[in-house]
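Heads up: the structure comes next, in structure tokens.
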Amino acid sequence: MDDIDPRLERARRLLDDADLGLAALGAEVGLSPGHLQRRFRAAFGLSPAEYRAQRRLRALKQGLRAGGDVTRALYDA
């Protein structure tokens, strides 16, 4: 399996930590938004926006499983 470009790994970590749009994310990792979109999807099977949505959904589910109320889980996610 090919090694993943470190810029794409950095983009994924940034999405885990912050709510960045495609242009801001591209600027952070040194790729144009379109190039980042294509390369990220090729590497991870999801667009950056889809990855961010999946991350939020995962956080929501974890919050609900932890016994938190729905409003708090939504806010935290």
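Yes/no matrix, rows are residues, columns are (1) under 10 Å from the mean Cα position of the chain (by Cα); (2) modelled with pLDDT under 95; (3) closer than 16 Å to E9 by Cβ:
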{"residue": "D19", "(1), (2), (3)": "yes, yes, no"}
{"residue": "H35", "(1), (2), (3)": "no, no, yes"}
{"residue": "R41", "(1), (2), (3)": "no, no, yes"}
{"residue": "R52", "(1), (2), (3)": "yes, yes, yes"}
{"residue": "R55", "(1), (2), (3)": "yes, yes, yes"}
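Report whether or not L46 is surrounded by 13 or more Cβ atoms within 10 Å (Cβ to Cβ), outside any helix (DSSP H, G or I), of a type outside the set (D, E) and at pLDDT 95 or above. Yes.
Any idea how many residues of segment 15-37 are in a loop (DSSP other than H, G, I, E, B) and surrounded by fewer than 12 Cβ atoms within 10 Å (Cβ to Cβ)? Residues that pass the stated criteria total 3.
The values are calculated or read from the model by the stated rules, or taken from the named source; none is laboratory data. Keep in mind that what you see is a predicted model, and the values were worked out from it rather than measured. We place every Cβ from the backbone using ideal geometry, glycine too, and count neighbours over all the protein chains shown.
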